[in-house]
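Before any comments, here is the structure.
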Amino acid sequence: MLKKLSFRQDLGIKLTLLYLLFLVPVVAATLLMAKNTQNRLEEDVRASDLALARSIAQETNFTMKSALHSIQALGEFPEVLEAEIASMETLFSTVMSARLDINLVYRLDAQGTMVFHYPSGPGSTIGHDFSFREYFIQALETKFPLISKGRISPTTNQAVATTVMPLWDNDQFLGVVATNIKLETLSQTLERISQEYDPLEGFQVFIIDSSGQIIAHSNPNLLLMQTLDYPSLAKITEPLLYGLSDTIVAMDENGVEQLYSFVPISSSGWGVVVSRPTVTSFATARAFYRDALIALLVFVVIGTIFWAGLRMLVFSPLGTLSTYSRIIGKEEIITEKQQDSLNALALRPDQVGHLTRSLINMEEAIAARFNELATLLQTSAAVVSTLDSKTVLNRILEQVERLLNVEMSAIIALNEKQGTYQAQTSRGLSQDYVAKIGIIPSDPHSITMRALRCGEPIQISDTETNPSYASRRHRARIEGFRSVLVLPLKTQYAPPSALLVFRPDPHKFTIQEIDLLSNFANHAAMAIENAALYTRSDVQLQEQTRRLEALIQSLHDGIILESKDGRVVYANRRISALANLPITEIIGNKINKVLNRILQKTSEPQKTQEKLQLARDTQGEHAIEISLPLEGRPRWLRLQTFNVNDNRGVSIGRGQLLQDITADRELDRMKSNLISSVSHELRTPLASIKGYATTLLADDVEWDSKSQHEFLSIISDEADRLSNLVNELLDLSRIEAGNLTVKRQICELGDLIKKAAQRAEPAPGDRLHINLPADLPKLEVDERRIKVVFRNLIENAAKYAGEGTPIHITATVEEKDIIIRVRDEGPGIPDDEKQRIFESFYRVDNGLARTASGAGLGLAICQGFIQAHGGKLWLESSPQGACFTFSLPRIPIKIS
Ligand code: ADP
């Protein structure tokens, strides 16, 4: 799976951002500028409307001011002050004629009653009370001229605003003189102004008095309309009446957005309002803004189209090529869609097409190289995967064929036994051809030999034309090849070999092909070399292992190795014998099972198993000692547990060593027996000697000669016993040291037995029955030693067979030996003791041995003496009693 590209790695994203970085400020700046310009244009419209309102206000202000001046001047006339009707008429008519905007001049008295008005018709209000009029009430409190609100004059029936001059004679109020200004006149002015504008623009101009009434309007129908009643107009009226001037945009009562510009008229407290629908007033500004937006939109659309084109023609192909270039050389597979877009790109005639074609060519070259490398790697893997050189070589040829598209190949090596070069392995060649390959090293026509001699590859690009191949051309034709390449394999330990490649067509192998094949040749050489080396080292290793195995297997001690999971991984023959299981059944079995089988033979298997488990559970080296009956006699074994670590100190399991320590035990027993028996055997005669000697030496008793003789003979006997014991010990030590010398002399067996019997203690007397054959030959033996043998055997029979039982000594003559038997009719020897009684210091632990004196040396000495003569001593089975049998060679044998 391809990794998604990050922003930093993707050119498309980068350029998009760059484009946005350019586009966004341009759009923003254009929008801002358009908005600003629109605002400025609007401001201009506002300013022009405000200027218009201001000029109207100024003009109206001037009119009203002059009206106020006029009324003030009028009020100063004495005729007016005194309300002289006739004079006033002249005066008023003059005023009227001078001021066309005035439609009525009148005089109210101090009570507000109409005294006179000019013109007097059509309806006269003379005598009417106008004291309720607001302006009249105001006049009572001021001495300055004032202007009333707009209203309909009852006299003229026209919309008017009145300029009023309060008349005072000092502090006495005399009434007022007033002129009604025709609001229509004002309206006409406004109408005239508004006519300058296109009626379609909806331009309006009107004046609002201090009470919020429209007192002049370009549309006279709207005169005296109360603006405060209309929320939209109230918005303008309120600030206006406060004396503020401004422009605001608000909806009128018809729902049309209007631009209102208003300016107050200072002299009268009125205000001028100029209004235009924003549709027309701001038309230019809005049109400009709209046009700017359209221009911007066009710019963005064109930019985006350009961008899309750039993306389609450049970035997208670049992306595809970049993805493709990353796939090249990896084991990723290009999708069908990617392949289609690549093919489409490759068809383009421009630079992108050129780049795509180059990449595709590059990919193909890399793939070919990869293929070569992969094949070589596989070959390397094959070389190390097995030591079977035949398999490896076959695999190498397989790869050669696949990569170079050849169908015939072979590896030829020197067969050292036959002295010819033969095919080790081959592919695609006929069996007949392969079998006939048997090149003699000195063959001058063989290209294989030439290549091997010069150590360089040699090729025949056409067997039909190459003159050096003439002698083999026929065979090449039959086999179906026309070109051959031979590569010598560089071997050091293996016999010389060569790789041969055949093609059915004339072909000149290129340097690249030869290089590639040389690599395979090297691998093949390696495989052959490996196999040769392995054969050598394997033989050595096998020999070593065999020796080691034989050593361990022959050990008298048992060895067993367990893995960490408690299973046996190795055991020797001794273990197999002890567990009474074949090795094959022991290996892989649970160690506890195998050990328990051995321990089963002990006297207390349960207890011993627990002891062993305890020892095994504790880490480190531990040993327990067990006793088992083996080969018919009890043996002591030490079971030692120890950790087994490899040469890096890593534990690979635990080992158990089963050592036969019977000999050690025996030695211990011998030592203690020696001490106890020898001390006992020494003490008894010494005590008698000491006793009788002390008795003899006693001064207070006079012993007769008979008693003295008796005592002295006892002392002598006991001294003999002592001397015998010492001799026995000496003999034993000589036997054990192996330096017993036999002094042979001719003697007669009968005599020898009799002499021995005489010296036996206890003496057998007439219990002894000697039955020897008449033709018994004389023997050449060490008389003293054989006498000791007979004496010991006779003494034992006398001691252990029970009183009064007969003792038989018989002899038989055999071809080589004389067999002598000393048999008694006593209790005999228990089966399990039959072996051990021949051990030194060993005595059977029963009542007989306890009562009879002895150190357990007799039989051991007998055996030593007889063996020194080249004979054997054993215990023969007998229905009753013990039958000690020994052999003595008739012809003395030289014992070194
Ligand atoms: P010793 O007689 O001094 O004890 P030996 O070596 O002569 O030592 O004999 C070993 C043991 O063999 C004796 O202690 C005895 O128990 C047993 N033994 C030897 N001869 C006989 C026999 N004829 N009958 C029974 N037991 C015998």
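Nothing in this text is a laboratory measurement; each read-out follows from the coordinates by a stated rule. As the structure is a computational prediction, the values presented were derived from the model and not from experiment. Positions of Cβ are generated from backbone atoms using ideal geometry, with glycine treated the same way; all protein chains shown enter the neighbour counts.
As a ratio to 2.2 N^0.38 Å, the alpha-carbon radius of gyration computed for the range 163-303 takes the value 1.45.
Radius of gyration over Kirkwood radius for the range 7-110, both on Cα atoms: the Rg/Rh ratio is 1.69. Scaling against 2.2 N^0.38 Å puts the C-alpha radius of gyration of the range 434-536 at 1.12. Run a plain Debye calculation on the range 288-399 (Cα atoms as equal point scatterers, no solvent) and give log10 I(q)/I(0) at q = 0.09, 0.10, 0.21 Å⁻¹, rounded to two decimals, same order as the q list. Scattering profile of the range 288-399, log10 relative to I(0): -0.48, -0.54, -1.05. A cut-off under 12 angstrom between Cβ atoms defines the neighbours of Lys743, and their net charge, with Lys, Arg +1 and Asp, Glu -1, is 0.
For the range 264-331, the fraction of alpha-carbon pairs lying more than 14 Å apart is 78 percent, rounded to a whole number. Remark on the range 724-860: Rg and Dmax equal 15.2, 41 Å (Cα only). The ellipsoid that matches the Cα gyration tensor of the range 636-761 has semi-axes, each √(5λ) in whole angstrom, of 54, 24, 10, with the longest given first. Residues in the range 301-314 carry Karplus couplings, in order, of 4, 5, x, 5, 4, 4, 4, 4, x, 4, 5, 5, 8, 10 Hz; the curve used is 6.51 cos²θ - 1.76 cosθ + 1.60 with θ = phi - 60°, and Gly or Pro positions show x. Within straight-line reach of Lys778, meaning a Cα separation under 14 Å, sit the following aspartates and glutamates at least 8 residues removed in sequence or on another chain: Glu748, Asp751, Glu814, Asp817. Here the Kirkwood formula puts the hydrodynamic radius of the range 302-356 at 12.0 Å, using every distinct Cα pair. Residue order for Asp831, Asp782, fewest other beta carbons within 10 angstrom first, comes to Asp831, Asp782.
May I ask for the percentage of alpha-carbon pairs in the range 641-693 that lie more than 12 Å from each other? Of all Cα-Cα pairs in the range 641-693, 76 percent lie more than 12 Å apart. Values of log10 I(q)/I(0) for the chain across q = 0.07, 0.08, 0.11 Å⁻¹ run -0.91, -0.99, -1.24, by the Debye formula with one identical scatterer at each alpha carbon and no solvent.
Look at the alpha carbon pairs under 8 Å that are at least 6 residues apart: their mean separation over the length of the range 742-820 gives a relative contact order of 40 percent. Along each principal axis, taking the top coordinate minus the bottom one, the Cα set of the range 97-168 gives 31, 24, 21 Å in descending order. Taking Rh as the Kirkwood radius computed over C-alpha pairs, what is the Stokes-Einstein D of the range 783-889 at 25 °C in a medium of viscosity 0.890 mPa s, expressed in µm² per second? Diffusion coefficient, whole number: 176 µm²/s.
Straight Cα distances below 14 angstrom link Lys508 to the aspartates and glutamates Asp462, Glu464, with same-chain residues fewer than 8 positions distant left out. Contact order, relative form, for the range 622-772: 12 percent (alpha carbon pairs under 8 Å, 6 or more residues apart, mean separation divided by residue count). I'd like the Kirkwood hydrodynamic radius of the range 815-867, using the inverse of the mean 1/r over distinct C-alpha pairs, in Å. Across the range 815-867, the inverse of the average 1/r is 12.7 Å.
A Förster radius of 41 Å, combined with the Cβ-Cβ distance separating Ser468 from Ser537, puts the computed FRET efficiency at roughly 0.50. Over all pairs of different C-alpha atoms in the range 606-660, the reciprocal of the mean inverse distance, the Kirkwood hydrodynamic radius, equals 12.4 Å. In this structure, the amide hydrogen of Glu82, modeled 1.01 Å from its nitrogen in the peptide plane, lies closer than 5 angstrom to no residue at least 5 positions away or on a different chain. Taking max minus min of the alpha-carbon positions on each principal axis, the range 75-225 gives extents of 55, 29, 25 Å, largest first.
Counting every alpha-carbon pair across the range 544-698, the share separated by more than 27 Å comes to 39%.
Close amide-amide hydrogen proximity is noted between Trp270 and Ile265, each under 5 Å apart and 5 or more residues distant or on a separate chain (H modeled in the peptide plane; Pro and chain starts excluded). Between Gln613 and Lys778, the modelled labels are 7.3 nm apart [label points 7 Å from Cα along Cα→Cβ]. Altogether, the Stokes-Einstein calculation at 10 °C and 1.306 mPa s, with the Kirkwood radius of the range 445-484 over Cα pairs as Rh, returns a diffusion coefficient of 153 µm²/s.
Could you calculate the contour length gain from Met670 to Asn645, that is, 0.36 nm times the residue separation minus the distance between their Cα atoms, to one decimal place in nm?
5.1 nm
Before anything else, pin down the relative contact order of the chain: Cα pairs under 8 Å, at least 6 apart, normalised by residue count, whole percent. Taking the mean separation of contacting Cα pairs over the length of the chain, I get 5 percent.
Could you compute how fast the range 380-479 diffuses translationally, taking Rh as the Kirkwood radius over C-alpha pairs and applying Stokes-Einstein at 25 °C with viscosity 0.890 mPa s? Give it in µm² per second. D = 164 µm²/s.
Considering only the Cα atoms of the range 328-370, their convex hull presents on average a projected area of 2.9 nm². Short to long, the 10 Å bins of the Cα pair-distance histogram for the range 161-230 hold 19, 36, 23, 14, 6, 2 percent of all pairs. Note on Leu11 and Ile511: the model spin-label points, each 7 Å out from Cα along the C-beta direction, lie 3.6 nm apart.
Fewest-first ordering of Thr425, Thr335, Thr810 by other beta carbons within 10 Å of each residue's beta carbon gives Thr335, Thr810, Thr425. Applying a DSSP loop filter and a limit of 14 other Cβ atoms within 10 Å to the GluC sites (Glu not before Pro) in the range 799-891 leaves Glu803, Glu814, Glu815.
Each listed q (0.16 Å⁻¹) maps to a log10 I(q)/I(0) for the range 503-551, found by the Debye formula over equal Cα scatterers with no solvent: -0.64.
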